[in-house]
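Engineer: Just passing along the structure, written as structure tokens.
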Amino acid sequence: MLAKIFVLDQPEVGVSIGLCFFLGNAVSGSLYEDHAKLFDYIRTTVKPIATILHTEAFKDIMAPLVTEFSSRGPNPISPEILKPDITAPGANILPAWSPLALFSVDIFDKRTVDYNIISGTSMSCPHATGAAAYVKASHPDWSPAAIKSALMTTATIMDPRKNSDAEFAYGSGQIDPLKAVDPGLVFDALEADYEDFLCNEGYNASLVRLISGDASKCSSPGKTWDLNYPSFALSLLDGEKVSATYTRTVTNVGSPDTY
């Protein structure tokens, strides 16, 4: 059996584990604060012994938690549009792996595997895409904006006390595909709504027409936050006082009801 003990010397534990995968099989690890005690025990003991205890499953009371390496908002181009929109699983995911792909970040690592443990946008995006496809399968006539709204408004609300940067880290929360199939109301938006958004961002009609390919005229001036988006955000300077009015239109996609 080949194994090794590695030292986690980075604040983000997941990154450290990921970096050591390509060097061999990780068996045990210690946090930076504890490794001095471990080394001292090895140096001062004639026959140091390590014990592998029975695996114990436990509920992570911090979950769901956004990893430290995940990108944060605000949106520097359009701060009135909250980013990120939503959160999906993306840390230490076990997906199928092509035998033609590199197993690790080491270009000399020639091992091939059927599965690999990967973290990052490449893992969270497939989860979000699959959730969107699941909603689309149930509602084939819904627009992309309606599907996005359903995913955002039914997401599991996350705890800002456990996640640094709060909404700038997790957006509307963690996706819940089952709930997204029946959101009740959706914030829908069509091509014209996004053309108006670009106009309100400062693009002139000529530039908007280059993007849209139609005869946009930027004839309906408004505010950036007037986009019929399923979130609300406002950019403020420290100590600044401001008054803003948001206009939204919701569409009932559920059973008849009164709101």
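The values are calculated or read from the model by the stated rules, or taken from the named source; none is laboratory data. What you are looking at is a predicted structure, and each value in this text was computed from that prediction instead of being measured. When we count neighbours, we look across all protein chains shown, and the Cβ atoms used for this are built from the backbone with ideal geometry, even at glycine.
Engineer: What number of residues within segment 134-173 are within 18 Å of GLY90 (Cβ to Cβ) and of a type in the set (S, T, N, Q)?
Structural biologist: Number of matching residues: 4.
Engineer: Among the listed residues SER164, SER149, SER143, identify the single one that is surrounded by fewer than 17 Cβ atoms within 10 Å (Cβ to Cβ), under 18 Å from the mean Cα position of the chain (by Cα) and not charged (D, E, K, R). So that I can check it myself, show each step before the final result.
Structural biologist: Working: SER149 fails: surrounded by fewer than 17 Cβ atoms within 10 Å (Cβ to Cβ); SER143 fails: under 18 Å from the mean Cα position of the chain (by Cα).
Step by step, each of SER164, SER149, SER143 is checked, and only SER164 is surrounded by fewer than 17 Cβ atoms within 10 Å (Cβ to Cβ), under 18 Å from the mean Cα position of the chain (by Cα) and not charged (D, E, K, R).
Engineer: Go through segment 98-131 residue by residue and tally those that are surrounded by 12 or more Cβ atoms within 10 Å (Cβ to Cβ), at pLDDT below 85 and not hydrophobic (A, V, I, L, M, F, W, C).
Structural biologist: Number of matching residues: 3.
Engineer: Any residue in segment 209-218 that is part of a helix (DSSP H, G or I), under 22 Å from LYS148 (Cα atoms) and hydroxyl-bearing (Ser, Thr, Tyr)?
Structural biologist: Our first condition is that a residue be part of a helix (DSSP H, G or I); within segment 209-218, this holds for 209-212.
Of the ones still in play, those that are also under 22 Å from LYS148 (Cα atoms) are 211-212.
Subsequent filtering for residues that are hydroxyl-bearing (Ser, Thr, Tyr) retains 212.
Yes, that holds for at least one residue.
Engineer: Right, here's the next one. List pairs: first residue in segment 181-201 and farther than 14 Å from ILE147 by Cβ, second residue part of a strand (DSSP E or B) and of a type outside the set (A, V, I, L, M) anywhere in the structure, Cβ distance under 9 angstrom, at least six positions apart or on different chains.
Structural biologist: Going by the 9 Å Cβ cut-off, the qualifying pairs are GLY184/ASN252.
Engineer: Give the residue, chosen from GLY14, GLY73, GLY18, that is modelled with pLDDT of 60 or more, under 23 Å from the mean Cα position of the chain (by Cα) and either buried (at least 16 other Cβ atoms within 10 Å of the Cβ) or in a helix (DSSP H, G or I) (or both).
Structural biologist: Values: GLY14 fails: modelled with pLDDT of 60 or more; GLY18 fails: modelled with pLDDT of 60 or more.
Going through GLY14, GLY73, GLY18 in turn, the sole match is GLY73.
Engineer: Here's another thing I want to ask about it. Is it the case that some residue within segment 116-133 is part of a loop (DSSP other than H, G, I, E, B), among the hydrophobic types (A, V, I, L, M, F, W, C) and under 13 Å from the mean Cα position of the chain (by Cα)?
Structural biologist: Filtering segment 116-133 for residues part of a loop (DSSP other than H, G, I, E, B) gives 116-117, 119-120.
Of the ones still in play, those that are also among the hydrophobic types (A, V, I, L, M, F, W, C) are 117.
Imposing the further condition that a residue be under 13 Å from the mean Cα position of the chain (by Cα) reduces the set to none.
No, the conditions are met nowhere in segment 116-133.
Engineer: Would you be able to say whether some residue in segment 184-193 is aliphatic (A, V, I, L, M), under 22 Å from SER172 (Cβ atoms), at pLDDT 90 or above and not in a loop (DSSP other than H, G, I, E, B)? Quick ask: steps written out before the conclusion?
Structural biologist: Our first condition is that a residue be aliphatic (A, V, I, L, M); within segment 184-193, this holds for 185-186, 189-190, 192.
Then keep just the ones that are under 22 Å from SER172 (Cβ atoms); that gives 185-186, 189-190.
Filter once more, keeping what is at pLDDT 90 or above: 185-186, 189-190.
Adding the requirement that they be not in a loop (DSSP other than H, G, I, E, B) leaves 185-186.
Yes: segment 184-193 contains one or more residues that are aliphatic (A, V, I, L, M), under 22 Å from SER172 (Cβ atoms), at pLDDT 90 or above and not in a loop (DSSP other than H, G, I, E, B).
Engineer: Among LEU53, LEU38, which is the only one that is surrounded by 12 or more Cβ atoms within 10 Å (Cβ to Cβ), modelled with pLDDT of 55 or more and either in contact with a helix residue (DSSP H, G or I) (Cβ under 8 Å, 6 or more places away or on another chain) or more than 24 Å from ILE175 (Cβ to Cβ) (or both)? Quick ask: steps written out before the conclusion?
Structural biologist: On the way: LEU53 fails: surrounded by 12 or more Cβ atoms within 10 Å (Cβ to Cβ).
LEU38 is the lone residue from the list that is surrounded by 12 or more Cβ atoms within 10 Å (Cβ to Cβ), modelled with pLDDT of 55 or more and either in contact with a helix residue (DSSP H, G or I) (Cβ under 8 Å, 6 or more places away or on another chain) or more than 24 Å from ILE175 (Cβ to Cβ) (or both).
Engineer: Here's a follow-up. Return the residue satisfying two criteria in turn: it lies in segment 222-243 and is in a helix (DSSP H, G or I) and touching a residue at least 40 places away in the same chain (Cβ under 8 Å), and of such residues it is surrounded by the fewest Cβ atoms within 10 Å (Cβ to Cβ).
Structural biologist: First pass over segment 222-243, keeping only residues in a helix (DSSP H, G or I): 224-226.
In the following step, the residues that additionally are touching a residue at least 40 places away in the same chain (Cβ under 8 Å) were identified as 224-225.
Values: THR224: 20, TRP225: 23.
Here the residue is THR224.
Engineer: If we keep just the residues of segment 138-179 that are assigned to a helix (DSSP H, G or I) and modelled with pLDDT under 95, which is nearest to LYS83 (Cα to Cα)?
Structural biologist: The initial filter retains those residues of segment 138-179 that are assigned to a helix (DSSP H, G or I), namely 138, 144-153, 167-170, 177-179.
Keeping just the survivors that are modelled with pLDDT under 95 gives 167-170.
Details: GLU167: 8, PHE168: 6, ALA169: 8, TYR170: 8 Å.
Top of the filtered list is PHE168.
Engineer: Turning to a different aspect of this structure: Report, by residue number, each residue of segment 213-241 that is small (Gly, Ala, Ser), over 15 Å from PRO74 (Cβ atoms) and at pLDDT 90 or above.
Structural biologist: Start the filter on segment 213-241 by keeping residues that are small (Gly, Ala, Ser), which leaves 213, 215-216, 219-220, 222, 231, 233, 235, 239.
If we keep only those that are over 15 Å from PRO74 (Cβ atoms) as well, we get 213, 215-216, 219-220, 222, 239.
Once the filter is applied, which keeps residues that are small (Gly, Ala, Ser), over 15 Å from PRO74 (Cβ atoms) and at pLDDT 90 or above, segment 213-241 yields only GLY213.
Engineer: Please give the number of the condition PRO64 fails out of (1) in contact with a Lys or Arg (Cβ under 9 Å, 6 or more places away or on another chain); (2) without any contact (Cβ under 8 Å) to a residue 40 or more places away in the chain.
Structural biologist: The number of the failed condition is (2).
Engineer: Tell me yes or no: at least one residue of segment 64-86 is assigned by TED's automatic domain parsing to the domain that holds ARG248 and in contact with a His (Cβ under 8 Å, 6 or more places away or on another chain).
Structural biologist: No, that holds for no residue.
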